[in-house]
Amino acid sequence: MAGPGKAISGTAFATLLLIALMMGANHVAARIAFNNGVDVATAVVFRSGITALVIVAILSLQRVRVRFSARHKRMLPVIGLLIGIQSLCLYSSVARLPVALALLAFNTYPIWTALWAWLIYRQRPERAMLVAMPVILLGLALALDVLGAASGLGASGQWARIGAGVAFALAAAGTFGLALVITQHEAADVDGRVRTATTMTMASLLALTMVASQGGFHLPQATAGWWGLAMLTFLYGTAFTIMFTVLPKLGVVGNAAIMNVEPVFALVLAWLILGQAIAPVQVAGALLVVGAVMALGLRKR
């Protein structure tokens with residue numbers, strides 16, 4: 001892990017950008033799948049299940065010894081359940097909102113992380129977080145056009161259109177923040193590859209339960225939908241594989257701040273591929289959110 005203030009290599013920087021690009025593209029592919037008959041639970045089963053299988057294969061090839069303490073056995077299923085809920089909520093938001101806006105609302109997770117750490121472990125938020133919070137919220141308000149000025153719909157009309165999607169994105173951010181806090185305090189000593197395998201397995205099982213409850217898989221009804229489902233699975237699985245196999249060798253952590261440019265990549269890709277466009281003031285708000293979250297991640301500790 002690179003120390004505070006130590007510059008990462010060009011290869012590491014490019015790898016982080018590649019992961020951010022793949023994660024942004026994964027959500028654009030998901031929207032294509034949703035537009036062609038795939039439902040959220042089906043997408044999460046494919047994405048999480050195949051990613052889990054890939055990580056398990058890597059663990060087997062690398063002969064990683066898996067040992068869990070009693071605490072790990074209690075907390076890893078909880079973390080997996082939270083990530084499963086986060087996955088379902090975030091894809092539900094992507095299905096309802098422009099992709100970039102869904103990811104921006106989700107990018108409030110550092111605020112949720114600080115809140116959960118304070119509520120559960122009595123850790124006071126750092127001053128940098130307290131300064132960044134209003135900036136993130138202001139940027140999000142601009143990006144979402146909460147008053148309906150850019151859309152011309154007015155506040156009530158805008159919220160009627162985006163309310164459900166924003167609620168799902170914020171629910172995803174809240175559950176992800178909780179998962180991060182519990183991971184840090186209860187499972188940080190578990191190998192990242194092992195933790196990812198258990199998390200993805202739990203997420204896929206939760207989604208599989210939802211699939212069963214709604215009468216089976218909702219598969220694509222057109223060729224574009226099959227491409228979307230295949231690409232979201234490939235992009236997500238590849239990004240996670242790189243995160244836990246390549247990044248440690250490059251000396252950077254998997255959640256390095258530069259990966260928070262994911263919404264910017266999603267904004268460009270969604271415009272190019274899906275024709276989703278947002279007003280200039282919303283773009284400014286998006287950049288404000290991304291900049292504040294990156295500043296938090298890049299600060300010296």
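The values are calculated or read from the model by the stated rules, or taken from the named source; none is laboratory data. A quick note: this is a predicted structure, and the numbers were derived from the prediction, not measured. Glycine gets a Cβ as well: all are built from the backbone with ideal geometry, and neighbour counts include every protein chain shown.
Things worth noting here:
- Residue count for region 151-179 satisfying the condition of being farther than 17 Å from Y91 by Cβ and in a helix (DSSP H, G or I): 11.
- Among the residues examined, P280 qualifies as surrounded by fewer than 17 Cβ atoms within 10 Å (Cβ to Cβ), modelled with pLDDT of 75 or more and not hydrophobic (A, V, I, L, M, F, W, C).
- Qualifying residue in region 49-68 (condition: within 16 Å of the chain's Cα centre (by Cα) and not charged (D, E, K, R)): yes
- Within region 115-135, the set of residues being closer than 13 Å to H185 by Cβ, among the aliphatic types (A, V, I, L, M) and touching a residue at least 60 places away in the same chain (Cβ under 8 Å) comprises A117, I120.
- Contact map, region 252-272: residues that are within 11 Å of V28 (Cα to Cα) paired with residues that are at pLDDT 75 or above and surrounded by fewer than 20 Cβ atoms within 10 Å (Cβ to Cβ), Cβ distance under 6 Å, separation 6+ or inter-chain. Pairs shown: A270/Q276; W271/A277.
- Candidate set from region 218-247 (those that are more than 15 Å from V45 (Cβ to Cβ) and not in a helix (DSSP H, G or I)); member that is modelled with the lowest pLDDT: V246
- Checked against (1) over 21 Å from the mean Cα position of the chain (by Cα); (2) surrounded by 17 or more Cβ atoms within 10 Å (Cβ to Cβ); (3) closer than 20 Å to N260 by Cα, G148 meets all criteria but (3).
- Meets criteria (among the acidic types (D, E) and touching a Lys or Arg at 6+ places or on another chain (Cβ under 7 Å)) for E262: no
- Among the candidates Q158, Q184, the residue that is in contact with an Asp or Glu (Cβ under 7 Å, 6 or more places away or on another chain) and either of a type in the set (G, A, S) or surrounded by fewer than 21 Cβ atoms within 10 Å (Cβ to Cβ) (or both) is uniquely Q158.
- Enumeration of residues in region 219-240 that are crowded, with 18+ Cβ neighbours inside 10 Å and not small (G, A, S): P220, L229, M231, L232, T233, L235, Y236, F240
- Enumeration of residues in region 114-131 that are over 28 Å from G24 (Cα atoms) and part of a helix (DSSP H, G or I): W118, L119, I120, Y121, R127
- For W159, the criteria (1) closer than 24 Å to I19 by Cα; (2) among the aromatic types (F, W, Y); (3) out of contact with any Ser or Thr (no Cβ under 9 Å at 6 or more places or on another chain) hold in every case but one, which is (1).
- Yes/no for A167 being under 19 Å from P263 (Cβ atoms) and surrounded by fewer than 17 Cβ atoms within 10 Å (Cβ to Cβ): yes
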